[in-house]
Amino acid sequence: MCLAAFSTALPYLGRFLEGANATDRASIPEENKQIFFMSNDILDTQKGDLAWASYALLRNTNSMSVIIAVNDVICVRGYWNTPEDKDASKDHLLNWFNSQIQKTGFFDLKDMLYFPQCSATESELGTLLPKGTLSALIQPVIRTSDPVVNFAMKNEGFILLASSVKYAYSEKDRAWIRAVANKFLHKISKDL
């Protein structure tokens, strides 16, 4: 009898344990549709790196959407609300995302931006962020000419993550996302 009660209570208690974030998984708003595309005319190795990184970021964080933009290469994956045209082609969507990205100024970032409580409808990024976004993180991909001094920093791009959970990204998540961005800098830059 005690074992049955313990077995019943265990999933509830598991929510309070550190690292038990599966219960925090983002619920996806119905208006958003799942998409996955990347820039045309890129190398197969770049396609593989973009696919791996976008999948890993979505799978290992509370994210519902990700954009990876490095130099002229872009990858969009996850659940997004896109222009009203239901029959929009990949090229049309790619151009739409590129125009939204150019409006943001993310290519000028020098440090990570984390909005643990944001609303896509109240944010200036509302047209870019998917509906239902409650938390957003933008990690710049920075190249430094002198890693010791951090001098002559150049932004090569960014990774944008959106979640439908408030406070979606822990310190550990942010460190891991930063590491993915750094790995990306080396992989994409070598291929260009």
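The values are calculated or read from the model by the stated rules, or taken from the named source; none is laboratory data. Computed from a predicted model, the values in this text were never measured in an experiment. Every residue, glycine as well, gets a Cβ built from its backbone with ideal geometry; the counts of neighbours run over all protein chains shown.
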Residue list for segment 54-69, restricted to those being of a type in the set (A, V, I, L, M, F, W, C) and crowded, with 19+ Cβ neighbours inside 10 Å: Leu57, Leu58, Met64, Val66, Ile67, Ile68, Ala69
Enumeration of residues in segment 38-54 that are assigned to a loop (DSSP other than H, G, I, E, B) and either touching a Pro at 6+ places or on another chain (Cβ under 9 Å) or more than 12 Å from Ala69 (Cα to Cα) (or both): Asn40, Asp41, Ile42, Leu43
Positions within segment 63-85 being part of a strand (DSSP E or B), within 8 Å of the chain's Cα centre (by Cα) and of a type in the set (Ser, Thr, Tyr), in sequence order: Ser65
Residues of segment 153-181 classified as assigned to a helix (DSSP H, G or I) and without any contact (Cβ under 8 Å) to a residue 24 or more places away in the chain, total: 4
Subset of segment 113-146 [at pLDDT 85 or above and either assigned to a strand (DSSP E or B) or of a type in the set (Phe, Trp, Tyr) (or both)]: Leu113, Tyr114, Phe115, Ser135, Ala136, Leu137, Ile138, Gln139, Pro140, Val141
Residue that is surrounded by the fewest Cβ atoms within 10 Å (Cβ to Cβ), among those in segment 70-83 that are farther than 17 Å from Asp49 by Cα and not aromatic (Phe, Trp, Tyr): Pro83
